[in-house]
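Okay, structure first, notes after.
The values are calculated or read from the model by the stated rules, or taken from the named source; none is laboratory data. Because the structure is a prediction, the values reported are computed rather than measured. Ideal geometry is used to build each Cβ from the backbone, glycine not excepted, and the neighbour counts take in all protein chains shown. Ligands, DNA and RNA are stripped out before the accessible areas are found, and what is left, the full protein with its side chains, is counted by its heavy atoms. Shrake-Rupley method; radii C 1.70, N 1.55, O 1.52, S 1.80 Å.
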Amino acid sequence: MRTILVALIGLPSILGFVPASQDDDCPAPPPPSASTAAKRESPLACDRMALSDAERTRHFDELGPTLRKLKKSVRELSDGYEFEFPADRASLALVEEWVAGERVCCPFFDITLRLEREGGPVWLRLTGRKGVKHFIEVDGAAWIKS
Amino acid sequence: MRPGVLFGVALAVTAAAAAFPTRLSAQSPPPAATPRIRSIRPGVKAPDFQLESIDGKMVKLSDFKGKTVLLNFWATWCGPCRAEMPWLVDLYTKYRDAGLEIVGVSMDQNAVHRPRVVPYIREKNVTYTILYGNDRVAAAYDGVPLLPTSFFIGSDGKIVGEFEGIKTKNDLELGVLRALAPPELRSGAPKS
């Protein structure tokens, strides 16, 4: 399947973890370098300083529940999960906003946002090192349920 | 001005200057981007504190003198904390009679999240002590920038080890067993 990889809201390092694109017109993103986050392994923990009270409330109490309701399907991956969202602009904006918060609060996730061409689905992929998939299954059971 | 008065003033200024950074650091958590000065390490006496429990009682860490304490900083909004909590409940059930106390310090400090603490711990059948934390206590434990963070405190009141982030249940149990062991028998302090 041909896909278009889109970097959104200043998440350039995410692209370092995206599988190479098969789009002929789009150069493959560079592989992760030794100087990027792959070198650092933050604990499976939340950074309690990353979000302000208002941002935390927005992230966990508004965006999270809203996206769970919007979720259309789930794919299990070897090292995590991938969630499908509607392709409309409003849904995409919510996913983008959630990604920006999650990235700073839970830096242990590899986050990939993939927008299929021709207005196709929006896919949010959450993966990571050993333990991350299990963590998603334990704490994100509501996300995984169809 | 007499030399004795000058000396007294100089002494007071010196003492105030020395005290100021201490007070500041005790009240202000370090920003996330600032490298932390780690004062909590194995062998150091665990800083005492007093916090309100979810039952409305004031509880001091020193109330557990002579017990082995697993001091767990967590929050209801923290996914890894939620994933870890059932393990803590199991470990408390298993090792309570051996002298283990688990003290959960909730860092749900804002008006939205704090009211969720009691319903959450009731839903999860948490039987160990839960206290409402604050930044001042977190600062005494190196700021606790990550949740969950657990400190293992021996029956002598000294830090045995620390875990930042969620490990495995087995790792947590090993940490508990090391902390429960007499100081002279401890080896390989847990450290994340």
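Restricting attention to region A:105-120, the residues that are in contact (Cβ under 8 Å) with a residue 40 or more places away in the chain, surrounded by 15 or more Cβ atoms within 10 Å (Cβ to Cβ) and out of contact with any helix residue (DSSP H, G or I) (no Cβ under 9 Å at 6 or more places or on another chain) add up to 2. Scanning region A:53-63 turns up no residue that is facing another protein chain (nearest Cβ under 9 Å), assigned to a strand (DSSP E or B) and among the charged types (D, E, K, R). Listed conditions (1) open to solvent by less than 20 Å² (accessible area, probe 1.4 Å); (2) in contact with an Asp or Glu (Cβ under 8 Å, 6 or more places away or on another chain); (3) facing chain A (nearest Cβ under 10 Å) are all met by B:HIS113, apart from (2).
Restricting to region A:42-63, count the residues that are without any contact (Cβ under 8 Å) to a residue 12 or more places away in the chain, open to solvent by 30 Å² or more (accessible area, probe 1.4 Å) and of a type outside the set (Asp, Glu). Here the count works out to 4.
For B:GLU184, the criteria (1) crowded, with 18+ Cβ neighbours inside 10 Å; (2) more than 12 Å from chain A (Cβ to nearest Cβ) hold in every case but one, which is (1).
For region B:47-84, the set of residues classified as open to solvent by less than 10 Å² (accessible area, probe 1.4 Å) and more than 10 Å from chain A (Cβ to nearest Cβ) consists of B:LEU51, B:SER53, B:THR68, B:VAL69, B:LEU70, B:LEU71, B:ASN72, listed by residue number. Pairing residues of region A:133-146 that are within 13 Å of A:ARG68 (Cα to Cα) with residues that are among the aromatic types (Phe, Trp, Tyr), at Cβ distances under 9 Å and at least 6 apart in sequence or on separate chains, gives A:GLY140/A:TYR81; A:TRP143/A:TYR81; A:TRP143/A:PHE83; A:ILE144/A:TYR81; A:ILE144/A:PHE83.
For region B:89-110, state whether one or more residues are over 19 Å from B:LEU180 (Cβ atoms), more than 18 Å from the chain's Cα centre (by Cα), of a type in the set (A, V, I, L, M, F, W, C) and crowded, with 19+ Cβ neighbours inside 10 Å. No; the residues of region B:89-110 include none that is over 19 Å from B:LEU180 (Cβ atoms), more than 18 Å from the chain's Cα centre (by Cα), of a type in the set (A, V, I, L, M, F, W, C) and crowded, with 19+ Cβ neighbours inside 10 Å. Across region B:126-165, the number of residues qualifying as polar (S, T, N, Q) and either within 14 Å of another protein chain (Cβ to nearest Cβ) or within 11 Å of the chain's Cα centre (by Cα) (or both) comes to 3. Evaluating B:ARG41 against the criteria (1) exposed (fewer than 12 other Cβ atoms within 10 Å of the Cβ); (2) at pLDDT below 95; (3) more than 14 Å from chain A (Cβ to nearest Cβ) leaves one unmet condition, (1).
The listed residues are A:LYS72, A:LYS39, and the only one of them that is more than 23 Å from B:ALA138 (Cβ to Cβ), open to solvent by 60 Å² or more (accessible area, probe 1.4 Å), modelled with pLDDT under 95 and of a type outside the set (A, V, I, L, M, F, W, C) turns out to be A:LYS39.
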